[in-house]
Each structure stands twice: as structure tokens, then as C-alpha cells.
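The values are calculated or read from the model by the stated rules, or taken from the named source; none is laboratory data. For clarity, every value in this text was computed on a predicted model and none was experimentally measured. When we count neighbours, we look across all protein chains shown, and the Cβ atoms used for this are built from the backbone with ideal geometry, even at glycine. SASA here: full protein model, heavy atoms, side chains in, ligands and nucleic acids out. Shrake-Rupley method; radii C 1.70, N 1.55, O 1.52, S 1.80 Å.
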Amino acid sequence: MKVSVPLENGLLADKYGKYASGDQIKNGKPIISFPIEFADIPSDAKYLAFTFTDPGSIPVCGFEWIHWTVANIPVSMPSLPENFSQSAPDEIIQGKNSSASPLLSGNLPELMNGYNGPYPSDQTHDYILKAYALDEKLDIQSGFWMNELLHKMNGHMIAHCRFVIPSRA
């Protein structure tokens, strides 16, 4: 199994992160998600899921920032277009990102689920997109936490892969 995202000069395109235009940033968060391609999906897989996180945020905020989590993507949908987070059909379930943390203040409820783009403060960060091929649709509700997704996938994962996405500070 493979997952990929188009890069420009080895980096995530500016429009999906910190350097997005003003109308593509809400409350300081980039909101236009990048396109994703899944390939070499195992023939016995029925659904896909993924997580998009920033382990480089640990020295900055003390934990791995969750930017996007998604479950129940049918394998008949091997690619997701730009801005999928805002246009995803209801049967594809999006989880909470780290903006939903009760430790943060001033966050808008509409920004707590779905895509919050990269915004590295100190240096270029390597973001990690992990994709999972699953044998069945997960019983999971919109607004799930990433740990819930990881538990629900237990015993249903056929294959997984990762793709490193650098984004400039």
C-alpha cells in the first residue's frame, strides 16, 4: 500500500499551510486540505483511514499535534481532491484535530473537526500522513479522537503505510 501527496520543491504547497491566502485561513488555521492519492491497495481491503500529524511539534507544545483524521473512505475512492475536508460526504467520518483540545482557548467549534493545516513556528517540520487499509467499515462517529480511531482499527488493519510531508516555517 502507498499514499502520496503532491509536493512542490520537496515541500507541501504553501496554499495548504502557513502561507495560504487570507481567505484560506480561519482563526489562524489553514483550512484547505491537500489532495491525497492511495495506491497498491490490497484487494481484500474495503475501507481506508488516515491520520495526519506533526511529531515535530513535541518540543514546541509538548505533544504530537493532530492535523487531520479520517475514517471510512471506500476503496473505490483511491484519491481525495483538494479541499476534501470541507466537501467530504457524510459517510466519510472526520475526527477531531488538536484545536479541539480543552487546553487551548479561543478556538472555534467549526475548526475542531477536519483539516487544520501545518503552521510550523520555528523551523521546517516533517508532517506524517499514515494511511490504513481496513477489512470493514468502522463503527465510529464524527468528531472521534485519534486514539479512538487507533483502537477501532485494531484487528481490522490489512496494510498501512506512511508518507512524510515537509512544510516550511
Net charge around L11, counting only other residues with Cβ within less than 12 Å of its Cβ (Lys, Arg = +1; Asp, Glu = -1)?
0
How big is the charge dipole of the chain about its Cα centre, in debye rounded to the nearest 20, if each Lys and Arg gets +1 on its Cβ and each Asp and Glu gets -1 on its Cβ?
240 debye
For D44 and E64, FRET efficiency with R0 = 25 Å and r from the beta-carbon atoms, rounded to 0.05?
0.25
By the scheme Lys and Arg +1, Asp and Glu -1, what is the net charge of all other residues having a beta-carbon under 14 Å from that of E110?
+3
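Where the only charges are on Cβ atoms (+1 Lys, Arg; -1 Asp, Glu), what is the dipole of the range 1-87 about its Cα centre, to the nearest 20 debye? Mind dumping the intermediate values first?
Working: 6 positive and 9 negative charges, 42 e Å.
Approximately 200 debye in magnitude.
Using a 1.4 Å probe on the protein chains only, how many percent of the accessible area of the chain belongs to carbon and sulfur?
Answer for the chain: carbon and sulfur cover 49 percent of the accessible area.
Expected output is a single nm value to one decimal: the length gained when fully extending between S101 and V75, i.e. 0.36 nm times separation in residues minus the C-alpha distance. What is it? Walk me through the intermediate numbers first.
Details: separation 26, 0.36 × 26 = 9.36 nm, distance 3.10 nm.
Full extension from S101 to V75 adds 6.3 nm.
For a test of the definition: using alpha carbon positions, the gyration tensor, and the 1.5 limit on a/c, classify the range 102-169 as rounded, prolate or oblate. Let's see the in-between values first.
On the way: a/c = 3.02, a/b = 1.33, b/c = 2.27.
Verdict is oblate for the range 102-169.
Within the set of other residues whose C-beta is less than 15 Å from the C-beta of A71, count the net charge using Lys and Arg as +1 and Asp and Glu as -1. Kindly include the intermediate steps, with their values, before the conclusion.
Values: positive: K46, K96, K130, K137, K152; negative: D90, E91, D135, E136, D139, E148.
Value of the local net charge: -1.
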Which of the lysines could a cross-linker bridge to K137, judged by Cα under 23 Å and excluding same-chain residues fewer than eight apart?
K2, K46, K96, K152
Given a cut-off of under 8 Å on Cα pairs at least six residues apart, what relative contact order in percent is computed for the chain?
31 percent
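Taking N as the number of residues in the range 1-121, what is its Cα Rg relative to 2.2 N^0.38 Å? Spell out each step's value before the answer.
On the way: Rg = 14.6 Å, N = 121, 2.2 N^0.38 = 13.6 Å.
Cα-based Rg divided by the globular estimate yields 1.08.
Sort 149-158, 117-126, 26-35 by the packing proxy (mean of other Cβ within 10 Å over each peptide's residues), most packed first. Don't jump to the answer; show the numbers that get you there.
Details: 149-158: 14.6, 117-126: 17.2, 26-35: 18.8.
Averaged packing, sorted descending, gives the order 26-35, 117-126, 149-158.
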